[in-house]
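The structure appears below as structure tokens.
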Amino acid sequence: MTEIRVFRVTGEIRKPQQFEPMTFSKEIAAAKREHALERIYAEMGSRHRAKRHQIVIIDVEELEEAGKATRVEGDER
């Protein structure tokens, strides 16, 4: 079984109709860095009607796991 990790992907979308690029930073859960990038291209392309060549990835970093499931007080399950 593959381990799911969390990646923070930052980049910008450069469309010809806009004077300034739209910047974004999004956290994606994926097994590999390549899967996270593919998901970013799919989501940003769908949400902003951007082609893949208009999406520029600036940085991809893997986030450290903050901890396993923490129990919330009052949750009796």
When both residues are 6+ apart or on different chains and their Cβ atoms are under 6 Å apart, which pairs have a first residue that lies in the stretch 21-37 and is over 14 Å from E61 (Cβ atoms), and a second that is surrounded by 14 or more Cβ atoms within 10 Å (Cβ to Cβ) and among the charged types (D, E, K, R)? P21/E12; P21/R14; T23/E12
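Just one of R39, R71 is at pLDDT 95 or above and not aliphatic (A, V, I, L, M); which is it? Before you say what the answer is, go through the steps one by one.
Working: R71 fails: at pLDDT 95 or above.
Result of the check over R39, R71: R39.
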Considering only residues that are assigned to a strand (DSSP E or B) and out of contact with any helix residue (DSSP H, G or I) (no Cβ under 6 Å at 6 or more places or on another chain), look in the stretch 30-59 and name the one that is surrounded by the fewest Cβ atoms within 10 Å (Cβ to Cβ). D59
Taking only the stretch 1-17 into account, find how many residues are among the hydroxyl-bearing types (S, T, Y) and in a loop (DSSP other than H, G, I, E, B). 1
Can you say whether K15 is basic (K, R), at pLDDT below 95 and more than 15 Å from E61 (Cβ to Cβ), as far as the supplied structure shows? yes
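The values are calculated or read from the model by the stated rules, or taken from the named source; none is laboratory data. Only a predicted model underlies this, so the values are computations on that prediction, with no experimental measurement involved. Backbone-built Cβ (ideal geometry, glycine too); neighbour counts: all protein chains shown.
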